[in-house]
Amino acid sequence: MLVRVGSRGSRLALTQAELAADRLRRPGVEIALVPITTAGDRDRSKPFGEIGSRGVFVKELEEALLDGRIDVAVHSAKDMTSTDVDGLTVGAYLPREDPRDALCGASEIRPGMRIGTASIRRRAQLLALEPSLSIEPLRGNVDTRLRKRRERGLDAIVLAACGLDRLGLGAEVGRRFDPEEFVPEAGQGALALQVRAGEEHLVGAADHEPTRSRVEAERACVAAIGGGCLSPVAAYHDGVRLTGLVAAEDGSWIERRTGDDPSSVAAELLACLP
């Protein structure tokens, strides 16, 4: 049986697709990797809000699944919308790796630093930590952002630690933020294997239940708040409790709430909104 595995074409995405393929290979199963370019890959200069809503890195993969051009889509779970697309489901989550955000180029936040990131979640939390920071837009794949930091003379950039680790670039990290200090994106550190509804058997053996339970709690919290990568909203489950966050983009206010139930945490956060 041939299983066509779709992925974005970046070095990190293909590395992640290979991780997924290793989990899916078994006697009688042949894996074919199918690189697919997404809207977020085609336009690496505009802010996400000018390209489209949350999901700019997954839409084309989901369309390929629905059209029958691939059988499995490999996503960074943090890139997915907080609710499933009709006809598709996450058939497996691979064991979560480091969910933290990583500061590259410096080991600490200092007043007046120039820090690059395109994420308003990161922007809000950075400015809440140090209001004098200059946050500059920075897009591109991991290698491109590391190069642009040096070319533009930025003091630091913030990336997902797991992506750096998967690419063997952990030495670039100066500091890994504690999730209690800097709440990660929902699903950060986890890989999601998406399939057509009813075809979960293609990937079910690879599913890691503890990761599924934590990531789905995070996604449910974000869905209940109604946020995405265009809003400073975050959620992280450490295996014991769920922490949700809402913030002003300029970091002037930030609210965190913890609990067991995603809906309750979301309701408490919504009650805090000005």
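Mind checking whether some residue in region 208-217 is over 14 Å from ARG100 (Cβ atoms), crowded, with 19+ Cβ neighbours inside 10 Å and touching a helix residue (DSSP H, G or I) at 6+ places or on another chain (Cβ under 8 Å)?
Yes: region 208-217 contains one or more residues that are over 14 Å from ARG100 (Cβ atoms), crowded, with 19+ Cβ neighbours inside 10 Å and touching a helix residue (DSSP H, G or I) at 6+ places or on another chain (Cβ under 8 Å).
Each row is one residue, and each column tells you yes or no for (1) more than 30 Å from LEU66 (Cα to Cα); (2) in contact with a strand residue (DSSP E or B) (Cβ under 7 Å, 6 or more places away or on another chain); (3) of a type in the set (A, V, I, L, M); (4) outside any helix (DSSP H, G or I).
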site	(1), (2), (3), (4)
ALA92	no, yes, yes, yes
ARG96	no, no, no, yes
ALA102	yes, yes, yes, yes
GLU108	yes, yes, no, yes
LEU127	yes, yes, yes, no
LEU138	yes, yes, yes, yes
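Kindly list the number of the only condition in (1) surrounded by 18 or more Cβ atoms within 10 Å (Cβ to Cβ); (2) farther than 18 Å from ALA13 by Cα that fails for ARG166.
The single condition ARG166 does not satisfy is (2).
If you go through region 80-90 one residue at a time, how many are surrounded by fewer than 20 Cβ atoms within 10 Å (Cβ to Cβ) and part of a loop (DSSP other than H, G, I, E, B)?
6
Determine if region 105-112 includes at least one residue that is within 21 Å of the chain's Cα centre (by Cα), over 21 Å from LEU146 (Cα atoms) and modelled with pLDDT of 95 or more.
No, there is no match, as no residue in region 105-112 is within 21 Å of the chain's Cα centre (by Cα), over 21 Å from LEU146 (Cα atoms) and modelled with pLDDT of 95 or more.
Quick one: would you say PRO131 is open to solvent by 10 Å² or more (accessible area, probe 1.4 Å), assigned to a loop (DSSP other than H, G, I, E, B), touching a Lys or Arg at 6+ places or on another chain (Cβ under 7 Å) and not polar (S, T, N, Q)?
no
The values are calculated or read from the model by the stated rules, or taken from the named source; none is laboratory data. Fair warning: this is a prediction, and the values are worked out from it, not measured in the lab. Neighbour counts run over all protein chains shown; Cβ positions are idealised from the backbone, glycine included. Please note that ligands, DNA and RNA were not included when accessible areas were found on the heavy atoms of the full protein model with its side chains. Shrake-Rupley method; radii C 1.70, N 1.55, O 1.52, S 1.80 Å.
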